[in-house]
Amino acid sequence: MSAKKLFQKKVDAIEVGSSKSISELLNRMGNTGFQGKSLAKVVDVYEDMIRDEDVTILFGYTGSLSTTGQWKIVNWLIENRYIDILIPTGANISEDLVDAMGMAYWQGDPKANDELLFSEGVNRYYDVYGKESDYLKMTEFIAEFIVTLEDGYKYSSKEFLHLFGLWLSGRGIKSIVAVAAQNGVPIFCPAIADSPYGDAALIAKSRGFNLTIDAIKDYIEFMKLGEGVKQTGVVYIGGGVPKDFIQLFAVTADLLYQDRKVPNRPGGNTRKEVGNLETYYPHKYAIQITTDSPQWGGLSGCTFDEAVSWGKEQPGGRLVQCYCDATIALPLITQALSERVDIKRPGRVFTNN
């Protein structure tokens with residue numbers, strides 16, 4: 001490559017006070033370097049995803065973001081249909097209930113005396129405090145819903161959470177699950193027991209009620225959504241199980257069908273080594289905000305370049321990873337989108353929701 005081709009675009013130094021909005025600031029950051037440039041690109045790619053009428057947006061997120069005041073951001077994304085399918089951890093769609101039910105989380109000190117906190121009934125999330133009594137009220141509240149269900153029926157997490165969302169809506173509680181149910185956005189939570197939902201199921205069991213959530217039924221329902229999809233864009237806040245679950249949407253949905261092709265879904269390609277035994281539908285757009293590194297070999301830090309080797313991402317697709325704390329990146333991304341995008345997407349309608 002010639003030196004001339006290497007020097008195509010100059011770094012543009014940011015001038016303080018020159019930006020009047022978050023969107024404008026991120027535009028300027030796009031002309032800088034490191035993770036500032038990556039964060040600016042995230043907004044660009046998300047905006048393109050929103051405006052692409054052929055794209056279904058899958059959103060996965062991990063961590064304990066609801067305790068840090070991020071849950072209403074997810075509600076906003078759902079309400080504007082900037083999310084078509086939501087795949088969270090159980091914590092993120094239960095711990096928001098504490099706020100939504102009128103209780104609260106509190107700013108704390110990461111250097112606090114944790115023995116003292118325990119004795120006072122305080123749970124610490126790094127520098128956020130939560131009352132154990134509030135946590136238990138939230139868990140008991142979920143159990144109150146569980147015992148209204150059909151004992152012994154095998155629910156998928158999607159079915160369970162949709163019914164819970166409707167139940168919450170009827171009580172005026174505008175949590176993530178409720179907003180998703182109101183807007184027809186399916187939620188899949190593949191590790192739902194690892195959360196207050198699992199604890200609530202124990203409480204229900206103590207009252208003689210048996211809740212069954214079928215993980216394989218969940219997986220089948222998730223993969224069948226591919227029949228109503230053309231292209232996909234994915235957003236990962238963190239990594240973990242939600243990221244892997246969504247990544248597999250591109251590479252294993254075909255296994256549900258004898259001819260190894262997703263019915264009604266355009267595109268798809270095969271690999272030389274396996275001929276027509278597998279069909280791949282790589283994601284056209286992919287965004288990740290993470291603090292994990294790739295060299296440890298875990299999926300949370302896995303690069304999208306590596307994912308191309310699996311058929312999970314499109315070669316030449318709009319792919320960007322930003323190494324940043326989600327509590328910094330997510331508010332900036334969504335505020336910029338609110339300033340740039342003046343449309344509410346119709347969203348994807350899934351008839352089996």
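No value in this document is a laboratory result; all are computed from the given coordinates. Computed from a predicted structure; not experimentally measured. Note: ideal-geometry Cβ built from the backbone for every residue, glycine included; neighbour counts use all protein chains shown.
Once the Cβ-Cβ distance between D127 and N276 is put in as r, and R0 is 51 Å, what FRET efficiency do you end up with, to the nearest 0.05?
Computed FRET efficiency for D127 and N276: 0.40.
Along the range 317-325, what does the Karplus equation 6.51 cos²θ - 1.76 cosθ + 1.60 (θ = phi - 60°) give for ³J(HN,Hα), rounded to whole Hz, x for Gly and Pro?
Calculated HN-Hα couplings, in order: x, 7, 10, 8, 10, 10, 8, 7, 5 Hz.
Can you give the FRET efficiency for S2 and W106, using 1/(1 + (r/R0)^6), R0 = 56 Å, r = Cβ-Cβ distance, to the nearest 0.05?
0.45
In Å, what is the Rg of the alpha-carbon atoms in the range 81-160, and how long is Dmax?
16.0, 46
Using 7 Å Cα-to-Cβ label points, what is the D151/I328 separation (nm, one decimal)?
Spacing of the two 7 Å Cα→Cβ label points: 5.2 nm.
How big, on average over all directions, is the shadow cast by the Cα convex hull of the range 20-340, in nm²?
18.6
To the nearest 500 deg cm²/dmol, what mean residue ellipticity at 222 nm is calculated for the chain from DSSP H runs of n ≥ 4 alone, each contributing -39,500 (n - 2.57), summed and divided by the residues?
So the calculated ellipticity at 222 nm is -11000 deg cm²/dmol.
May I ask you to derive the relative contact order of the chain, considering only C-alpha pairs under 8 Å and at least 6 residues apart, and to give it as an integer percent?
So the answer I get is 22 percent.
Please identify, among L117, L255, L161, the residue showing maximal mean-square fluctuation in a Gaussian network model of the chain using a 10 angstrom Cα cutoff.
Taking springs between Cα atoms under 10 Å, the residue moving most is L117.
Please build a GNM for the chain, connecting alpha carbons under 10 Å apart, and tell me which residue among K111, K224, K284 fluctuates the most.
The residue with the greatest mean-square fluctuation here is K111.
What distance in nm lies between label points placed 7 Å from Cα along the C-beta direction at Y257 and V349?
Between Y257 and V349, the label points sit 2.2 nm apart.
For Cα pairs less than 8 Å apart in space and 6+ apart in sequence, what is the mean separation divided by the residue count of the range 110-250, i.e. the relative contact order in percent?
RCO, the range 110-250: 23 percent.
Might you report the magnitude of the Cβ-based charge dipole of the range 1-54 about its Cα centre, with Lys and Arg at +1 and Asp and Glu at -1, to the nearest 20 debye?
520
Starting from the 7 Å offset along Cα-to-Cβ, what nm value, one decimal, do you get for the label separation of K20 and N113?
5.3
Would you mind checking which residues have amide H under 5 Å from E278's amide H? H placed 1.01 Å from N; only 5 or more apart, or other chain.
R271
Among N183, N75, N269, which one moves the most in a GNM of the chain with springs linking Cα atoms closer than 10 Å?
N269
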